[in-house]
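Accompanying notes for the structure given below.
What follows draws every value from the coordinates through simple rules; no lab data is involved. Since the structure is predicted, the reported quantities are computational estimates derived from the model, not experimental observations. Glycine also receives a Cβ, built like all others from the backbone with ideal geometry; neighbour counts cover every protein chain displayed.
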Amino acid sequence: MSADEIEQIASEWLAREDRGLTAEEHALMERWLEESSLHKVSYLRLKAVWRRADRLGALKRPPAAGRGASPRWIGLSVAAALIVCVGGGAWLAWHRTVPPGQDFATGIGRIQAVRLADGTKVELNTNTRLHADVNDASRTVRLDSGEAYFDVVHDDKRPFTVYAGNRRITDIGTKFSVFRNGDDVRVTVREGKVRIEVLNGDGKQVLAEAGHVLVTKGLETLIITKPEADIVNDLSWRDGMLIFNQQTLAEAAEQFNRYNERQILVEGPARKIRIGGSFKADNVDVFVLLHRGFGLSVNEQDGTIIVSR
Amino acid sequence: MNQDALDDWFMREVLPLEPMLTRFLQRNWRHEAEIGDLRQEAYARVYEAAKRERPQLVKPFLFQIARNLMIDRLRRQSVVSLESMADVDWLNVSDDRPSSEAYVAARQELRLLQAALDKLPPRCRQVVLMRKVEGFSQREVAKEMGITIETVENQVAKGMRLLAQAIGGRRDAVTAQARRYNFFRKPRHVR
């Protein structure tokens with residue numbers, strides 16, 4: 001049988017599976033799959049593609065937005081919103097222009113990009129909340145929690161300011177990311193310059209430029225200079241990836257935990273093992289597999305993956 | 001290794017290499033019509049081998065198998081002399097990087113899928129769109145479009161095959177890797 005014929009049968013089984021299989025059908029399918037690895041791989045290949053196509057859900061329009069769509073489509077969208085109730089919203093909603101004074105939020109493991117009224121692009125990382133207010137006089141963003149990357153359209157008359165914790169970050173023509181965890185703030189500058197001030201402080205301010213990472217705690221500000229490649233790695237979450245270069249397992253786990261409900265807990269000496277590589281942020285399983293090479297034990301209990309020596 | 005873990009491993013580690021594999025086969029195999037057979041057979045052999053033991057380095061392993069398959073076929077067919085292939089520096093794939101670079105970045109992935117979706121024939125596209133974008137069940141799609149559930153099922157089957165073809169043969173995600181591998185240096189059988 002040719003690859004094409006096998007693929008035809010595999011696709012028919014998957015389409016039936018997509019509809020819902022009876023127990024009898026399921027048994028028949030299993031039998032077919034066990035007949036030959038050629039059947040199995042053909043099936044897995046199509047299954048993987050069909051799963052990947054779930055990402056197309058990101059293209060789903062908001063219920064009310066017609067965007068020149070036919071009335072039928074609007075009806076469908078509304079119906080779909082009622083029926084499907086996906087929750088969490090579109091995973092990636094590109095280039096959506098939004099009116100001023102708006103709140104944005106992402107759930108765990110989600111990233112979202114929005115364009116503000118002034119053209120500035122904001123990318124929200126996992127578990128992030130922010131409020132943006134863009135009007136004729138000023139442009140401000142308040143980062144309530146999480147992390148966001150800003151690609152600012154510079155405007156001398158309207159400075160772009162981000163408030164995070166007790167810090168005010170003002171753009172001087174730039175691309176930068178701000179991460180906030182309680183009062184701790186980290187600013188990563190990709191391009192251009194930013195000015196960082198302590199609110200209610202003594203007017204102290206720090207200028208940071210491309211390649212700088214600022215870490216603040218209380219009134220202290222630490223500036224770290226990093227090579228561009230490291231900065232790019234730090235911002236790899238924008239593509240849904242986590243990139244490590246000799247970070248400890250404990251640090252890597254902390255990063256993964258931001259993106260996943262399934263949490264990783266690294267115990268004892270294993271915390272100090274250093275790892276490298278790039279990973280999909282939502283692929284905790286890859287993280288688990290990594291440890292085979294280190295002879296670590298990996299156990300999962302109640303949604304927590306416990307890694308120890 | 002249990003069955004599900006093996007299947008997951010295969011989908012996660014082997015299948016993302018498909019664009020590279022397809023490209024590799026296309027570069028080195030004259031008969032376009034046989035690419036699908038070669039690919040499927042290579043996959044099956046990797047899968048069989050992984051039942052016993054997972055290869056440490058997936059990429060070199062897969063390409064080695066693909067290469068051997070081509071050589072076997074050539075021997076059987078004796079269409080091309082083996083020397084003509086010897087100058088192709090085929091197997092400089094010994095790096096042990098995880099295949100994660102083969103994963104397409106999220107944004108690029110969405111664009112890729114959308115482009116593939118847009119290439120589907122109209123009715124097929126409509127079914128896939130309602131199923132995957134709007135999240136309708138097959139039954140709901142049938143009702144909404146006023147067609148039978150069997151028709152929806154057929155279109156779903158057709159849609160996933162066409163999507164697989166569009167994504168597996170794509171070229172954009174391959175270019176970055178192409179620079180790193182010598183076997184792309186001397187393109188052969190380019191039509």
| task | Whole Å is fine, so just give me how far the alpha carbon centre of the stretch B:50-68 lies from that of the stretch A:189-249. | result | 41 Å
| remark: Neighbours of A:ARG167 by Cβ distance under 12 Å: Lys/Arg at +1, Asp/Glu at -1, summed charge +3
| task | Calculate one ³J(HN,Hα) per residue across the stretch B:113-121 by plugging θ = phi - 60° into the Karplus curve 6.51 cos²θ - 1.76 cosθ + 1.60, and present them in order as whole Hz with x for glycine and proline. | result | 5, 5, 4, 5, 4, 5, 7, 5, x
| Dipole magnitude (debye, nearest 20) for the stretch B:106-168, charges at Cβ of Lys, Arg, Asp, Glu | 180 debye
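Do you know the relative contact order of the stretch A:102-232, to the nearest whole percent, from alpha carbon pairs under 8 angstrom that are 6+ apart?
15 percent
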| request: Let me know the mean shielding of A:235-241 by other chains, meaning the per-residue number of their Cβ atoms within 10 Å of its Cβ. | output: 3
